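Student: Below is a structure I'd like to ask you about.
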Amino acid sequence: MEASREATHTIKVDVPDEQYDYVIVGGGTAGAVVARRLAEDPRVRVCLIEAGPSDENDPIIADPLAWEEMLGSEYDWNYHVEPTGGRGNPKMLHSRAKVLGGCSSHNSVIAFLTPDADLRRWESEGAAGWSPAKCAPYFEKLKQKVTLETVQPVNELNRTFIQAGVEAGFPQATFNSPEWLSKFEPCVGYFQLNSIGRERCSSSKCYLHPIRDLPSNLVLKLNTFIKRILFDAQRNAIGVLTHDDKVLGASKETILCGGAFDTPKLLMLSGIGPSWHLRELNIPIIANLPVGEHLIDHPEGVIIWESTKPIPGPTIQRYEAALFANALPQTTESKGT
């Protein structure tokens, strides 16, 4: 990436308050995995930083059926979407987790591996090493730690939904199977869930619990908010600045795992982003880059139907089957489902 030369700003740090080899910002779905894997090398010191509290031993988080209770709670950043002309409800909320485990502690535990077409496109756009073949061993390794449980066809409502989809012309697929990943297309099927029955299998549960048994070279900092990334004179990231103005140094790498919203937000607060936007906020520019663009989201809309018979309750959680259909004209730029 080529940085802008029109205006630069660096932070001088003589002695960090704490020094590590790796500093990871965000103890969520990705951060928990990255931290524990790096800490397998006893020669390095790893610091994992999470803005929210621990999820350990919280019965609400553990129950996949209770995830809606966390919306708007202390575990939720509860972002408000700015009005966009002609695009629906201007008062939409966007829930993002503020708790160890991130959205894997906060979501509806639906599990999807990345379709092959997406991986091929990422690699073609410069993400070396992200082809389906090169990612496959890591997906298999992930399955050794994280449970993927397929919803069983025991709920009458789910069976009826699947049958209706098939009758409407949608083939029944096995989500996350090699065949489905290789040709992601309109279909209907039962979800795979990150759960063991009614117990959530978040990344924090699978990689960090019990917290008291974490290796000594992995330091976990909870309820710690990061103001910005720190850079040296060559604009290399050398650590981060916390909410209480402590400098956490990183001699090898500063790794951002804040998710689709908070990672670009932190980059822009640190001076990496569109120069016009950084100037609007009087943020010194480290690099003029198109950060924060091209979000691909999945807004939810509720459709309510009347039933001629009593509705059975959910087996594990409220969303156990799905139908994927083309919602937009198919182009090279748009594959709406």
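Table: residues versus (1) among the aromatic types (Phe, Trp, Tyr); (2) touching a residue at least 12 places away in the same chain (Cβ under 8 Å); (3) touching a helix residue (DSSP H, G or I) at 6+ places or on another chain (Cβ under 8 Å); (4) open to solvent by 20 Å² or more (accessible area, probe 1.4 Å).
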| site | (1), (2), (3), (4) |
| --- | --- |
| 166 | no, yes, no, yes |
| 184 | yes, yes, yes, yes |
| 191 | yes, yes, no, no |
| 195 | no, yes, yes, no |
| 232 | no, yes, no, yes |
| 240 | no, yes, no, no |
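Student: Only one of 61, 49 is of a type in the set (A, V, I, L, M), out of contact with any Leu (no Cβ under 7 Å at 6 or more places or on another chain), modelled with pLDDT of 95 or more and within 20 Å of residue 197 (Cβ to Cβ); which?
Tutor: So the residue among 61, 49 that is of a type in the set (A, V, I, L, M), out of contact with any Leu (no Cβ under 7 Å at 6 or more places or on another chain), modelled with pLDDT of 95 or more and within 20 Å of residue 197 (Cβ to Cβ) is 61.
Student: Could I ask something else about it? Can you find a residue that is assigned to a strand (DSSP E or B), open to solvent by 70 Å² or more (accessible area, probe 1.4 Å), modelled with pLDDT of 95 or more and touching a helix residue (DSSP H, G or I) at 6+ places or on another chain (Cβ under 9 Å) anywhere in the stretch 255-278?
Tutor: No, every residue in the stretch 255-278 fails to be assigned to a strand (DSSP E or B), open to solvent by 70 Å² or more (accessible area, probe 1.4 Å), modelled with pLDDT of 95 or more and touching a helix residue (DSSP H, G or I) at 6+ places or on another chain (Cβ under 9 Å).
Residue by residue, here is whether (1) part of a loop (DSSP other than H, G, I, E, B); (2) touching a residue at least 40 places away in the same chain (Cβ under 8 Å); (3) more than 17 Å from the chain's Cα centre (by Cα); (4) more than 30 Å from residue 217 (Cβ to Cβ) holds:
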residue: 23; (1), (2), (3), (4): no, yes, yes, no
residue: 32; (1), (2), (3), (4): no, yes, no, no
residue: 51; (1), (2), (3), (4): yes, yes, no, no
residue: 60; (1), (2), (3), (4): no, no, yes, yes
residue: 72; (1), (2), (3), (4): yes, no, yes, yes
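Student: For the stretch 99-121, which residues satisfy the criterion of being within 17 Å of the chain's Cα centre (by Cα) and more than 17 Å from residue 64 (Cα to Cα)?
Tutor: Passing the criteria: 113, 114, 115, 118, 119.
The values are calculated or read from the model by the stated rules, or taken from the named source; none is laboratory data. Remember, predicted model here, so these are calculated numbers, not experimental data. Heads up, the Cβs are rebuilt from the backbone with ideal geometry, glycines too, and the neighbour counts pull from every protein chain shown. The area values use the complete protein model at the heavy-atom level, side chains included, leaving out ligands, DNA and RNA. Shrake-Rupley method; radii C 1.70, N 1.55, O 1.52, S 1.80 Å.
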